[in-house]
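Chemist: Just dropping this structure here.
Every read-out reported here was derived from the displayed coordinates using simple, explicitly stated rules and does not represent laboratory data. On a predicted model such as this, the values are computed, not experimentally measured, just so you know. Counting neighbours? That spans all protein chains shown, and the Cβs are built from the backbone with ideal geometry, glycine included.
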Amino acid sequence: MSDIKLVSRREFVKAAGSAAAATSLLGAASGAAQPSKRRYAIVGTGDRAQGMWGRPLVQRYSDVLEFVGLCDINPKRAAIARDLIGVTCPTFSNFDELCEKARPDLLMVTTVDAFHHEYIVKGLDRGLDVMTEKPMVIDEKQCQAVLDAEKRNNRKIVVTFNYRYAPKHRTVKEVIQAGEIGRVLSVDFSWYLDVYHGADYFRRWHRLQNRSGSLWVHKASHHFDLMNWWLAADPVEVSANGSLRVYGKNGPFRHTNCRPCPHKKDCRFYYDMTTNATRMKLYAGAEDVDGYYRDGCVFREDIDIFDTMSATVKYSNDAIMSYSVNAHMPFEGYRVAFNGELGRLEVRDHERQPWDVADADETEIYVTKSFGKRVRVPVQVAEGGHGGGDDRLRDLIFRKVDAPPHMRLPDSRAGAMSCLTGIAARKSIDEKRPIRIADLVKI
Ligand SMILES: NC(=O)c1ccc[n+]([C@@H]2O[C@H](COP(=O)([O-])OP(=O)(O)OC[C@H]3O[C@@H](n4cnc5c(N)ncnc54)[C@H](O)[C@@H]3O)[C@@H](O)[C@H]2O)c1
């Protein structure tokens with residue numbers, strides 16, 4: 001077929017030289033004999049909690065988990081989430097009370113990003129096994145606090161980087177790791193957030209740097225984690241630019257949120273949340289408590305994050321990446337290309353676009369060998385959230401499935417390195433200079 005012999009998955013695992021490793025969290029707690037079911041609690045009961053770490057766990061992992069408590073600063077939302085998840089455990093608005101009364105031994109942190117560190121540290125100090133959604137933290141101080149809490153308690157957290165578990169992303173990892181393009185010298189990486197998904201970040205708390213760390217941290221930490229993992233390297237130095245060009249103060253008019261907005265007929269970003277029954281329950285049903293509008297106006301003047309961003313990142317293996325993310329694109333997806341000593345690996349991922357793309361072409365991966373030919377690399381078409389990553393990640397956590405070393409659960413180091421790339425980018429814009437990762441925290 002070609003002059004390329006991509007290493008098969010079985011050959012690759014064998015070549016990696018280590019037996020497949022069991023990675024389930026169910027066997028991970030500090031050596032003690034495990035109870036038959038983990039006592040599971042969630043803090044932060046919004047959409048991700050109920051849709052990823054709530055209902056699917058009740059449906060598929062009830063034999064190994066017992067929901068013992070749900071906690072959110074908005075007690076109404078916690079109660080609504082309990083109904084949506086389909087459990088009867090108590091709800092709490094105070095984390096210490098959750099721990100004392102419900103006595104969980106496994107905690108999932110799915111709050112607004114700025115508060116992850118608080119619950120990770122408290123959970124570790126109470127001896128719990130802790131999992132957190134990305135981003136692990138939003139600034140370097142929070143990062144140091146999490147790393148110190150792990151050391152102090154001699155425990156490791158899991159950071160749930162679901163993107164790694166999408167078959168397309170695993171394929172990229174395995175092509176690079178198999179040496180198909182040789183040493184990676186540079187990377188071109190462009191991520192496109194469209195006027196639906198991209199705009200959605202500007203409706204909510206993500207619009208504020210002190211809640212999300214900006215999209216450099218909230219969103220790009222996914223991409224930076226993929227890159228650190230794909231390259232098997234750490235970021236060393238980051239230079240960045242960013243601006244707010246479409247949303248926030250750039251809008252022609254504004255209101256608090258879409259439902260009562262007098263401009264809805266003229267606004268191209270108008271979002272009719274009343275068509276989504278779950279969101280009406282979970283958000284509109286609890287907004288009188290905290291004023292959290294899920295359909296907030298994308299033109300609010302308090303928006304202080306960027307919608308147009310680019311960075312150059314230097315890595316510990318001497319690779320250099322040109323990265324950009326734009327949050328106002330007509331289509332959703334990404335392009336990434338790895339320029340190697342022996343060839344180039346190119347990926348074009350189509351997530352949503354105003355033209356037809358066949359299922360089999362949603363992710364196109366090509367290897368072009370220098371002095372050779374271009375070959376398309378087959379990718380398994382995956383069903384389910386985040387390119388099939390959500391299901392695979394849950395199975396890895398809650399079932400004793402085997403995985404090769406490169407598919408083990410991501411830890412705090414991965415959490416830190418991905419966030420620190422974004423934190424350094426943000427700082428580079430503020431301080432108009434390149435930022436070295438080593439100057440941010442002691443790992
Ligand atoms: N891995 C992924 O692909 C993915 C996808 C979506 C969201 N996420 C992550 O999941 C987390 C939650 O996102 P979401 O979309 O569900 O947001 P959301 O706004 O729907 O839910 C966040 C919840 O946290 C609660 N909260 C806020 N401050 C709190 C505090 N101090 N203590 C306790 N609860 C608090 C809010 O009341 C809200 O119910 C975020 O960190 C986000 O980055 C990850």
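Chemist: Once amide H atoms are built 1.01 Å from N in the peptide plane, which residues 5 or more positions from Gly340, or in another chain, come under 5 Å H to H?
Modeler: Amide H neighbours of Gly340, under 5 Å, 5+ apart: Leu185, Leu345.
Chemist: Also, I was wondering about something else. Please give me the summed charge of the neighbours of Gly385: other residues whose Cβ is under 11 Å from its Cβ, Lys and Arg +1, Asp and Glu -1.
Modeler: 0
Chemist: Oh, and also: Order the peptides 381-389, 294-302 from the highest to the lowest mean number of other Cβ atoms within 10 Å of their residues.
Modeler: Top to bottom by mean Cβ count within 10 Å: 294-302, 381-389.
Chemist: Would you mind computing, in nm to one decimal, how far apart the modelled labels at His263 and His197 are, each placed 7 Å from Cα along Cα→Cβ?
Modeler: My value for the distance between the label points is 2.6 nm.
Chemist: Set the bar at 18 Å for Cα to Cα. Now go through Lys141/Lys432; Lys134/Lys400; Lys134/Lys156; Lys122/Lys156 and name every pair that lies beyond it.
Modeler: Among Lys141/Lys432; Lys134/Lys400; Lys134/Lys156; Lys122/Lys156, the Cα-Cα distance tops 18 Å for Lys141/Lys432; Lys134/Lys400.
Chemist: Once both labels are modelled 7 Å past Cα along the beta-carbon direction, what's the Ala438-Asp125 spacing in nm?
Modeler: Calculated label separation equals 3.2 nm.
Chemist: Taking 0.36 nm per residue of sequence separation and subtracting the Cα-Cα distance, how much length would be gained by fully extending the chain between Phe253 and Arg413, in nm to one decimal?
Modeler: Length gained, Phe253 through Arg413: 53.3 nm.
Chemist: Further, regarding this structure: Based on the alpha-carbon gyration tensor of the range 285-443, what equivalent-ellipsoid semi-axes (square roots of 5 times the eigenvalues) come out, in whole Å, largest first?
Modeler: One finds semi-axes of 30, 25, 22 Å for the range 285-443.
Chemist: Ok, one more. With contacts defined as alpha carbon pairs under 8 Å and 6 or more residues apart, what's the relative contact order of the range 130-241 in percent?
Modeler: Contact order relative to length: 34 percent.
Chemist: Diagonalise the Cα gyration tensor of the range 343-404 and give the resulting equivalent ellipsoid semi-axes, square root of 5 times each eigenvalue, largest first, whole Å.
Modeler: Equivalent ellipsoid semi-axes, largest first: 28, 19, 8 Å.
Chemist: Let me see the P(r) profile for the chain: every Cα-Cα distance counted, bins of 20 Å, each bin given as a percent of all pairs.
Modeler: Taking all Cα pairs of the chain, the binned fractions are 24, 58, 17, 0 percent.
Chemist: Now for a different question. Quick check on packing: order 257-269, 87-99 by the mean number of other C-beta atoms within 10 Å, highest mean leading.
Modeler: Per-residue Cβ counts within 10 Å, averaged per peptide and sorted highest first, yield 87-99, 257-269.
Chemist: Testing the spin-label approximation: label points 7 Å from Cα along Cα→Cβ at Arg152 and Asp318. State their distance in nm.
Modeler: 4.1
Chemist: Distance from the Cα centre of the range 171-246 to that of the range 327-374, in angstrom?
Modeler: Cα centroid of the range 171-246 versus Cα centroid of the range 327-374: 16 Å apart.
Chemist: Rank-order 306-317, 368-379, 157-168 by packing density, defined as the average count of other C-beta atoms within 10 Å over each peptide's residues, highest first.
Modeler: Per-residue Cβ counts within 10 Å, averaged per peptide and sorted highest first, yield 157-168, 306-317, 368-379.
Chemist: How big is the charge dipole of the chain about its Cα centre, in debye rounded to the nearest 20, if each Lys and Arg gets +1 on its Cβ and each Asp and Glu gets -1 on its Cβ?
Modeler: I would put it at about 340 debye.
Chemist: Rg/Rh for the range 244-311 to two decimals, with Rh computed the Kirkwood way over all alpha-carbon pairs.
Modeler: 1.01
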